[in-house]
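Notes follow the structure.
The values are calculated or read from the model by the stated rules, or taken from the named source; none is laboratory data. Computed from a predicted model, the values in this text were never measured in an experiment. Here the Cβ positions follow ideal geometry from the backbone for every residue, glycine too, while neighbour counts run over all protein chains shown.
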């Protein structure tokens, strides 16, 4: 065994170069660093606990250059931990020089391995390799299992094609390998699950996990047996799904969710080793990559409790993966457990990297849980590292997450906001300068500095839309919204982001794929610039997006309405009664896309309540209620708006709305309304008398103008209801 180990190390040193070890893929692993130790000849993985874990050098080599399509690239420590765990050794491919030298005898395979090692910068479909490649494909059925595996492994050593023509040529080479895997594993039923996972690993390394038919068959086969799979096979199945990034329509990820509890309790029932945080992170990554939300409250609570118990040792990669997956779970009532989690993770903030902090903070934000000490700790980290933060240290996605979280849970005047704005502005300046494109990571790929510097300005100008889209990966528009929240408006980027060319490049040519952030940018940011003459959304796109994301006013004849709509309707009806006439109040959306329902009423110059003009009531429901001179009756009318908030728009344990709704208040005030606020939590479960008292308190400045006799008569009528 020792000789095999030494031969493996020797073979690896022949294959890998120092450039691979020193690449930013390994340097970007957070606090888990790959270092060269004098005592050893191979890299070791150093964890925060300062314990040394030997890792397979070939594992490092296999994962060193897998390209941007690899979903777990930034979670390399987790990948290495799982693939080198004794329980997983037979579920991954492991390079062994001893096998290469003793078990590979077929001349076609030997020749192919030789050219793969000697020409890693060229494509396998190059004309000068045609003879060796054709000979290998013709002899696939004659190969042993070991020979087929190493042929597949060395296929990935060639340069991966980026253009469509190259990918078509490459497909003509790898498809025969796929057919041979199907013939052996499916038609002849020769392979059991472990060997199938080995081949699935090889297809993953080729970046073909979503295209290989055999890879899909492995997923489907395991999915049919998911209720009886061992923990190791279950985790490997999850990793395969992550590489595919989706499931066939006839398979639902609920089967994975349902079995999480079984796997977590398996060690307690059968005396097995406890599930590790790395295994749990691999399972949670499935939900993030497939965008399938966890729906079971108890499962999420169990995962959070496990994170609390392991808060002292959980790695950066595990934190990032677990909470990225939990962030897309359904709105569950887990706020108390989230509060405990933040308290447990507070002492660990100094050792966590900023990507892990961003994922953890976004999870807290989505569950509306604010912990002032936790926010302060992350703000201190940002302040200390703001001059060193760039695209290699903090992913653009996580910058968006940090900004969104602080926007919801903190105040715009806080130091943390200023630091985040500095980071985001640096990205904006890098894009605007254009000459700095090569200094920004493009789609997680490192560009060669010599090649970048040799590009002509004309080439960069011609592809600027594509480059911006790749750099920001759909995060440009959210970041522009965050910058606007702090009063920063990069005009050229706003124009670029709202242009049809950029939207087509980033989101596709169909408006049905546009997210709400585009609507926010057009309706909230651009109007703040009085002299803005840049791009805006067309009337058609604007109308569609508004109708898609707005909360519609419930029909009075509709009997079944959910809690928030019922609450808003009650506020509307009681406001009309208090004001003396139901026609004095109007139920609408002042700013439709914010998801609130508002009650509007008017007063004249003397402060008396007057009916809402018909010109105002005639506005389209999906359009912002911008006040015209006709609505204002020549300036004689003052409009008032009661904004109602649902429970999910309030910070947990308070009646304070999330930060982004401060933007709503500011926008409504700038539109000329005087605003009042009523929250769902303050209204619900109260008697009519208490609700009336609350509403009168909110409207006390208006009610002082109403004759006392009218108020007493209306109060008596309400008490009889």
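Some observations on this one:
- Some residue of segment 555-562 being surrounded by fewer than 20 Cβ atoms within 10 Å (Cβ to Cβ) and closer than 30 Å to residue 418 by Cβ: no
- Residue 136 being in contact with a helix residue (DSSP H, G or I) (Cβ under 6 Å, 6 or more places away or on another chain), part of a helix (DSSP H, G or I) and more than 19 Å from residue 216 (Cα to Cα): yes
- Test: residue in segment 583-590 that is more than 16 Å from residue 675 (Cα to Cα), under 35 Å from the mean Cα position of the chain (by Cα), at pLDDT below 90 and assigned to a loop (DSSP other than H, G, I, E, B): no
- So residue 313, is it part of a helix (DSSP H, G or I) and in contact with a helix residue (DSSP H, G or I) (Cβ under 9 Å, 6 or more places away or on another chain): no
- Residues that are touching a residue at least 12 places away in the same chain (Cβ under 8 Å) and over 15 Å from residue 198 (Cα atoms) within segment 226-251 comprise 226, 227, 229, 231, 242, 244, 245, 246, 247, 248, 251, listed in sequence order.
- With respect to being modelled with pLDDT under 90 and either in contact with a helix residue (DSSP H, G or I) (Cβ under 6 Å, 6 or more places away or on another chain) or not in a loop (DSSP other than H, G, I, E, B) (or both), residue 167 fits the description.
- Residue count for segment 619-635, restricted to those that are under 18 Å from residue 549 (Cβ atoms) and either touching a residue at least 40 places away in the same chain (Cβ under 8 Å) or not assigned by TED's automatic domain parsing to the domain that holds residue 591 (or both): 5.
- Among the residues of segment 220-252, the ones that are surrounded by fewer than 19 Cβ atoms within 10 Å (Cβ to Cβ) and within 20 Å of the chain's Cα centre (by Cα) come to 2 in all.
- Unmet requirement for residue 647, which otherwise passes all of (1) in contact with a helix residue (DSSP H, G or I) (Cβ under 6 Å, 6 or more places away or on another chain); (2) surrounded by fewer than 18 Cβ atoms within 10 Å (Cβ to Cβ); (3) within 22 Å of residue 527 (Cβ to Cβ): (3)
- Residue in segment 267-276 that is assigned by TED's automatic domain parsing to the domain that holds residue 86, in contact (Cβ under 8 Å) with a residue 24 or more places away in the chain and in a helix (DSSP H, G or I) present: no
- Residue within segment 652-661 that is loosely packed, with under 13 Cβ neighbours inside 10 Å and over 18 Å from residue 366 (Cα atoms) present: no
- Index of the failed condition, residue 599 passing every other in (1) surrounded by fewer than 19 Cβ atoms within 10 Å (Cβ to Cβ); (2) closer than 24 Å to residue 664 by Cα: (1)
- Looking only at residues in segment 287-300 that are more than 17 Å from residue 344 (Cβ to Cβ) and not in a loop (DSSP other than H, G, I, E, B), the one that is nearest to the chain's Cα centre (by Cα) is 288.
- Looking across segment 544-554, the residues that are surrounded by fewer than 20 Cβ atoms within 10 Å (Cβ to Cβ) and free of Cβ contacts under 8 Å to residues at least 60 places away in the same chain come down to 544, 548, 549, 551, 554.
- Output for segment 301-351, where each listed residue is more than 26 Å from residue 385 (Cα to Cα), within 15 Å of the chain's Cα centre (by Cα) and surrounded by 20 or more Cβ atoms within 10 Å (Cβ to Cβ): 325, 326, 329
- When residue 556 is tested against (1) part of a loop (DSSP other than H, G, I, E, B); (2) touching a strand residue (DSSP E or B) at 6+ places or on another chain (Cβ under 9 Å); (3) within 15 Å of residue 702 (Cα to Cα), exactly one condition is not met: (3).
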